[in-house]
Amino acid sequence: MMVQQLASKEAGSKALFVTLLLTSLNVVSFADRIMIAVLVQPIKHDLHLSDTQMGLLSGFAFVAVYAAVGLPLARLADRIGRRWVLAASVGFWSLMTAVCGLTQSFGQLVLARLGVGLGEAGCTPSGHALLADMYPRGKRTLPLAIFTMGSPIGIAVGLGVGGKIASLFGWRAAFFLVGLPGLVLAILVLFTMPEPGRLSGNNDVREVSLWSTVTMLLRIRTYRRTVGAYIFYLFSTFGTLTWLPAFYMRTHGLNVAQVGLFFGIAYGLGAAVGCFVGGFVLQKVSEEQGSLFLGGCMMFAALPFFIGALVVPSTIISLVAIMLYGALMGAAGPPILAGQQCVVDTKCRATASALAGLLSNYLGGGLGALLLGMVSDVLTPSFGDTALRTALLIASAGIIVAAIFVLRASRSLTADAKL
């Protein structure tokens, strides 16, 4: 009995270490990814770019590679182990973030952002798979919430630190100084990250083709619905988040340092608290099915705060509304991931996460940011300085669609669930 208790404590300590290390990777990942949002205005001015070009840089140039390469990297992680893929990924994207600071033209910056996307493609699928392997069904919502909490923390760090550095030394220095510290994490992952025992001796994934795996996943009703939910979830979070700092600069007159600090804290703190508290509460009150249902309700509750943040004239009230919006959307995200991992086999969990990421990042995050920039450019002749606000108001419909997908997924999860 004592040996079992010690083994259980050791397993718990290992799982906690992996959770915290993966969360640190997610913080760095999102800081490097989103920092360009607070640099939109100085980059646009320095390189003489349009909103459409900035939408391409901040969204689609990153996502084009991030989503496409995520699937083969996840397949590789399922085969050879997640540690090697994670270490190589964080090292490469950190270097390419620094390279963004050395670019001198739009084309060079596009190529550098493609490199950041290539590196970051290996992080999330392996992270989701590791956590799903290390925690049993019914206990995954909280660790996935903690992992997801790294996203808003990274957003706050990227916007706050990046904005401050840019205000002091310029936007190129911000990329360089924020990017390079990730190399330390790459070394830490390589030498300390354990591989879960479930992968030992499991070579089934090597005998099944990628196409067969993808076909099998898309036959799962709940998986399809969670993918649909995450497409519009990312559109409503990452896609719009790319343009919200520029909105506060144009509409509320904040400078780059102010928007990095105030917006970064408001959204980052709200979403981080929402991820953790939401994940903790949802795991306590129900398993994945109930968590999905409550997550869908939270999305509906978030909609008026997002719209309110865009239309109120007071900057303080707008930032408070964005904080509440971030908290509700932050709490609604982890149940989607937990439900998704519950309906797939352990041998293809990283692949399942990457396939969902490919579709949701292309159609939600990347295309969403690009479309918002294009709509803003189209509306500018008629709406002037309020064109970006109008584009963001139109995009708020994505929250409703995401919530509907989540509620439908909650109805089918029990029938599709595995271990």
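The values are calculated or read from the model by the stated rules, or taken from the named source; none is laboratory data. Predicted model, so just to flag it, every value in this text is computed and none were measured. Please note: Cβ atoms are built from the backbone with ideal geometry, for glycine as well, and neighbour counts cover all protein chains shown. Calculation scope for accessible area: heavy atoms of the full protein, side chains included, ligands and nucleic acids excluded. Shrake-Rupley method; radii C 1.70, N 1.55, O 1.52, S 1.80 Å.
Pop the C-beta distance of Glu195 and Leu111 into the FRET formula with R0 = 35 Å and round what comes out to the nearest 0.05. If you can, show how the numbers build up before the last one.
Details: r = 34 Å, r/R0 = 0.96.
Taking R0 as 35 Å, the efficiency between Glu195 and Leu111 is 0.55.
Can you send over the solvent-accessible area of Asp78, 1.4 Å probe, protein chains only, in Å² to the nearest 10?
Asp78 has an accessible surface of roughly 10 Å² with all protein chains in place.
Can you tell me the length gained on complete extension of the stretch Val378 to Lys44, counting 0.36 nm per residue apart and subtracting the Cα distance? Let's see the in-between values first.
Working: separation 334, 0.36 × 334 = 120.24 nm, distance 1.74 nm.
Extending this stretch completely gives an extra 118.5 nm.
Just to be sure I follow the rule: in the chain, considering lysines 8 or more places apart or on different chains, how many pairs have Cα atoms under 24 Å apart?
Lysine pairs satisfying the spacing and distance rule in the chain number 12.
Rank these by accessible area, largest first, 1.4 Å probe: Met299, Met323, Met96.
Details: Met299 0, Met323 65, Met96 40 Å².
Most to least solvent-accessible, the answer reads Met323, Met96, Met299.
What are the ³J(HN,Hα) couplings of the stretch 149-160, residue after residue, when phi is run through the Karplus curve with 6.51, -1.76, 1.60 and θ = phi - 60°? Round to Hz, x for glycine and proline.
Once θ is set to phi - 60°, the couplings for the stretch 149-160 become 4, x, 5, x, 5, x, 4, 5, 5, x, 6, x Hz.
Hey, what do the phi angles of the stretch 243-256 turn into as Karplus ³J(HN,Hα) couplings, whole Hz, using 6.51/-1.76/1.60 and θ = phi - 60°, x for Gly and Pro?
Once rounded to whole Hz, the list reads 9, 5, x, 5, 4, 5, 5, 7, 8, 10, x, 6, 8, 5.
When a/c reaches 1.5 or more, the comparison of a/b and b/c decides; with that in mind, is the stretch 338-419 rounded, prolate or oblate per its Cα gyration tensor?
oblate
Between Thr215 and Arg79, what FRET efficiency comes out of the Förster formula 1/(1 + (r/R0)^6) with R0 = 30 Å and r the beta carbon distance, rounded to 0.05?
Calculated transfer efficiency: 0.95.
Please sort 110-117, 159-166 by packing, taking for each peptide the average over its residues of neighbouring beta carbons within 10 angstrom, highest first.
Working: 110-117: 21.5, 159-166: 24.4.
Descending packing order for the listed peptides: 159-166, 110-117.
Using only DSSP helix segments of four residues or longer, with each worth -39500 (n - 2.57), what per-residue ellipticity at 222 nm results for the chain after dividing by its residue count and rounding to 500?
Result for the chain, helices only: -27000 deg cm²/dmol.
Under the Karplus relation 6.51 cos²θ - 1.76 cosθ + 1.60, θ = phi - 60°, what is the ordered set of whole-Hz ³J(HN,Hα) values for the stretch 311-322, x standing for Gly and Pro?
3J(HN,Hα) across the stretch 311-322, in whole Hz: 9, 6, x, 7, 5, 5, 5, 4, 5, 5, 5, 5.
Classify the chain: rounded, prolate or oblate, from the alpha-carbon gyration tensor (a ≥ b ≥ c, eigenvalue square roots; a/c under 1.5 rounded; otherwise prolate if a/b is larger than b/c)?
Judged from the Cα gyration tensor, the chain comes out prolate (a/c at least 1.5, a/b above b/c).
Got a number for carbon plus sulfur as a percent of the stretch 331-419's accessible area, 1.4 Å probe? Please list the in-between numbers first.
Numbers: 2040 of 2990 Å².
Answer for the stretch 331-419: carbon and sulfur cover 68 percent of the accessible area.
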